[in-house]
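Everything on this sheet refers to the single structure shown next.
The values are calculated or read from the model by the stated rules, or taken from the named source; none is laboratory data. Quick caveat, the model's predicted, so the values are computed rather than measured. Neighbour counts run over all protein chains shown; Cβ positions are idealised from the backbone, glycine included.
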Amino acid sequence: MTTGSTSTRPDSRRTGAAERGGLLLEGVTLTLGDGDATVTALDDVDLRVAPGEFVAIVGPSGAGKSSLLAVAGALTTPDSGRVLLDGVDIARASSREKARHRRERIGFVFQSGNLIPALTSLDQLRFALDVAGMRAADGHDPHELLERVGMAHRAGHRPHQLSGGERQRVGIARALVTRPSVLLVDEPTAALDRARSDDIVALLAHETHESGVATVMVTHDHDVLGHCDRVLTMVDGRLSE
Amino acid sequence: MFLAWRELIFARARFGLMGGVVALIAVLVVLLSGLSSGLVNDGVSGLQRLPVTAFAFAEGTKTDSAFSRSVVDVKQAEAWRGRDDVGDATPFGNMLVNAKATTAGGAQVPIDLALFGVDPGSFLAPDVAEGSRLGEPDGIVVSRTVLDEGVAVGDTVVIDRLGTRLKVIGVTGDQHTFGHVDVAYLPLRTWQQVHAGAGPDDEVRAGAYEEATAIALRARDGDRIDLAAGDAAVGTTSMTLEESFGASPGYTAETATLTLIQVFLYAISALVVGTFFTVWTIQRKHELAVIRAMGASTGYLMRDTMIQATVILAVSTAVGFLLGVGGGTLLTTTPMPFALEAGPLVVAALLLIGLGLAGAAAAVGRIVRVDPLAALGGQR
């Protein structure tokens, strides 16, 4: 939709109710490192992901895919540009406000799940609600969500008792339990075999369409791209269709 | 709260080991506190029980030898008594002797005694729980602890070398000891004879009846005694009762040693807890990054860790104190100087928990430096 190097459009937020939701990056630039060894991780990146849309970003290592997730996920402050979540610009937020945006608007799915070792599958979801300061009524019902990702039978198991695919399913449920408006997915199939990878990405696509979340998935895995609504390529910090 | 409890249970072996160390330290702290209290009792309970505000020793007396070296003139009591802020003043004699007690059964028991020479009519004369009060020239009132030696009221005590015969006429209600030696109160005049080295048949040298170790001072009700002004006027060197404890043989060295050991224990405990939580935080660095990426505030994570520290410290201190008090109760029945007192134990428990929390707090400061960005990528 809005990739390329068009200059920022100040009126883009007001173009319609539908466009207010989701994720919008405008002219985002990010330089990493200091002194002589600076790298342009993101070079004037524009990206719009509508609610319920599943966008994949592929590209070689070091192309800036993780930086894109970090900026969109309120983990890093870009040098310039705007990052809008639900129409709210988070690019200049303080670290305290960033944490609040992460709790309230963003869901992360990490490589190999990154679950908390001490918690059962069900508690992973309840913990995410606790961190966000939500009661179960504000978010999704954890039991129901586990059921939806096909993990109800593993509700009482801890991460070390789960397979890689199962961990990733719990990780997806954990990211969605707070009803985020943006879901950011980092290499979800890095540790999985082909059949499992396909299942997981199919699940992500299904949940994205089902819950109307704007999903960005960074991946190396070209076999799973069939499930995505759009595929963008990132090279040297630049994004293209 | 949510994560703190679940992690405590999940990592119970690790937390248990750390708690075990703290519990063992707590046991040691209790035993040392008991030993400390016991030694204080053994060293200065005889002085503590005296209704005295301060002692006036001979001019220029040093603390460490005050009771053994000082000799004052009994007339100086009059001078002190005349001062406005002094309620009462009376001569006090103090010396250590070896003696043999002959019990009713005829057995000879060697005992060491701290002879406290007091005027039977003065405020220093001790209350008795058994027998009669001071009065007869050869009658002595002994500390309750003398009964443990097998000596009873009515028994005779003969001072070694001098051959002075004394009779046990009364026993105090509680422990009166001085420098680990049981106290025997006796009339000042008898004390002066013994102090002058005169046996029953010897002539008492001139001036002996003018001598005492110190003048015991009691403040007028609600008053503090201006010791400096009094010393200048009377020509003495005064110490408050607490200061005079330092003159009890071995007292300063013993209390300093025990205090040093206890200070080390507190420091070790705080370091153990601090180290544990440092390692615990470093081990969970990636996990903490994930939780921060999920939007948890620094305060949320710190609170969780401090809850864990509080629970572990409270439980292990409680367990250690129960074991320590249990073991200590057995020790109080032995001749070891050991006394469990609630006050010092409560202070010790609070110190152990407080310093442990300080150690944990220093460690969790690291959480601030965990970058949520580390959650991205494949560190696992």
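Structure notes:
- Test: A:Glu19 is charged (D, E, K, R) and at pLDDT 90 or above: no
- Candidate set: the range B:7-38, residues that are within 14 Å of chain A (Cβ to nearest Cβ) and buried (at least 21 other Cβ atoms within 10 Å of the Cβ); chosen: the one farthest from B:Val263 (Cα to Cα): B:Glu7
- Residue within the range A:137-144 that is touching a helix residue (DSSP H, G or I) at 6+ places or on another chain (Cβ under 9 Å), under 21 Å from B:Glu287 (Cβ atoms) and more than 9 Å from every other protein chain (Cβ to nearest Cβ) present: yes
- Residue within the range B:330-350 that is assigned by TED's automatic domain parsing to the domain that holds B:Ala11 and either within 23 Å of A:Asp130 (Cα to Cα) or aromatic (Phe, Trp, Tyr) (or both) present: yes
- Among the conditions (1) surrounded by fewer than 24 Cβ atoms within 10 Å (Cβ to Cβ); (2) within 25 Å of A:Gly52 (Cβ to Cβ); (3) facing chain B (nearest Cβ under 10 Å), the only one that A:Thr178 does not satisfy is (1).
- Number of positions in the range A:152-161 that are outside any helix (DSSP H, G or I) and within 14 Å of chain B (Cβ to nearest Cβ): 3
- Cβ pairs under 8 Å, 6+ apart, first in the range B:318-341 and more than 14 Å from B:Leu28 (Cβ to Cβ), second among the acidic types (Asp, Glu): B:Pro335/B:Asp148; B:Pro337/B:Asp42
- Residues located in the range A:182-214, provided they are on the phi > 0 side of the Ramachandran plot and surrounded by 17 or more Cβ atoms within 10 Å (Cβ to Cβ): A:Glu187
- Residue list for the range B:328-380, filter: over 35 Å from the mean Cα position of the chain (by Cα) and away from chain A (no Cβ under 14 Å): B:Val364, B:Gly365, B:Arg366
- Residue list for the range A:151-192, restricted to those being under 25 Å from A:Asp138 (Cα atoms), in contact (Cβ under 8 Å) with a residue 24 or more places away in the chain and among the aliphatic types (A, V, I, L, M): A:Met151, A:Ala155, A:Val170, A:Ile172, A:Ala173, A:Ala175, A:Leu176, A:Val177, A:Val182, A:Leu183, A:Leu184, A:Val185
- Listed by first and then second residue, the pairs linking a residue in the range B:272-292 that is assigned by TED's automatic domain parsing to the domain that holds B:Met302 to a residue that is surrounded by 21 or more Cβ atoms within 10 Å (Cβ to Cβ) and not in a helix (DSSP H, G or I), with Cβ atoms under 7 Å apart and 6 or more places separating them unless they lie on different chains, are B:Lys285/B:Val370; B:Glu287/A:Ile116; B:Leu288/B:Val370; B:Ala289/B:Val370; B:Val290/A:Phe110; B:Val290/A:Asn114; B:Arg292/B:Val370.
- Selected residue (only one of B:Thr317, B:Thr281 is more than 14 Å from every other protein chain (Cβ to nearest Cβ), touching a Lys or Arg at 6+ places or on another chain (Cβ under 6 Å) and surrounded by 19 or more Cβ atoms within 10 Å (Cβ to Cβ)): B:Thr281
- Of all residues in the range B:228-244, those satisfying the criterion of being more than 10 Å from B:Arg83 (Cβ to Cβ) and touching a residue at least 60 places away in the same chain (Cβ under 8 Å) are B:Asp231, B:Gly235, B:Thr236, B:Thr237, B:Ser238, B:Met239, B:Thr240, B:Leu241, B:Glu243, B:Ser244.
- The set of residues from the range A:132-168 being in contact with a Gly (Cβ under 9 Å, 6 or more places away or on another chain) and farther than 23 Å from B:Gly295 by Cβ comprises A:Leu162, A:Gly164, A:Glu166.
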